[in-house]
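This report concerns only the one structure given below.
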Amino acid sequence: MKKILSFIVAFMALTLPMSVHASDDKSTPQPITLSSHADNNKPNPKPRRAQMRIPVEAWYEADTETISIIYYGDATGEVNLYLNRQLIESSSDINTTFTVSEAGFYTIEIMTESWTATGSIEI
């Protein structure tokens, strides 16, 4: 009897964390990877060895059906949101939030005077 009770307790201890983890997956924001590059008009004789690091983040939240852009800098610019290569929304502020209610392939384009960043997500 003790072996059966021990087996039931061990089984519950292993399966309970899995069910809790599965229910939390939808509520956590999903990061959107952005690639960035400098927009310099002057030719640079020295090649860049590493990708330019811009303090900008993009997140998709399934609960609220939103894409949020967060920028930790002083530059001003414009953000464009594309759905399947069609421009659907634009913002003149980098720190912005877009509502996305349709399924499809979304592309984010952030443009400033000195750099550009792009990222995409399939919803």
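The values are calculated or read from the model by the stated rules, or taken from the named source; none is laboratory data. Predicted model, so just to flag it, every value in this text is computed and none were measured. When we count neighbours, we look across all protein chains shown, and the Cβ atoms used for this are built from the backbone with ideal geometry, even at glycine. When the accessible area is computed, the model is the full protein with side chains, heavy atoms only, and any ligands, DNA or RNA have been set aside. Shrake-Rupley method; radii C 1.70, N 1.55, O 1.52, S 1.80 Å.
Key figures for this structure:
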{"item": "Segment 59-102, accessible area per residue, ligands and nucleic acids excluded (1.4 Å, Å²)", "result": "61"}
{"item": "Two-site FRET efficiency, residue 93 against residue 120, from Cβ-Cβ distance with R₀ of 30 Å, rounded to 0.05", "result": "0.90"}
{"item": "Net +/- balance of residues flanking residue 90 in space, Cβ distance below 14 Å, scoring K and R +1, D and E -1", "result": "-4"}
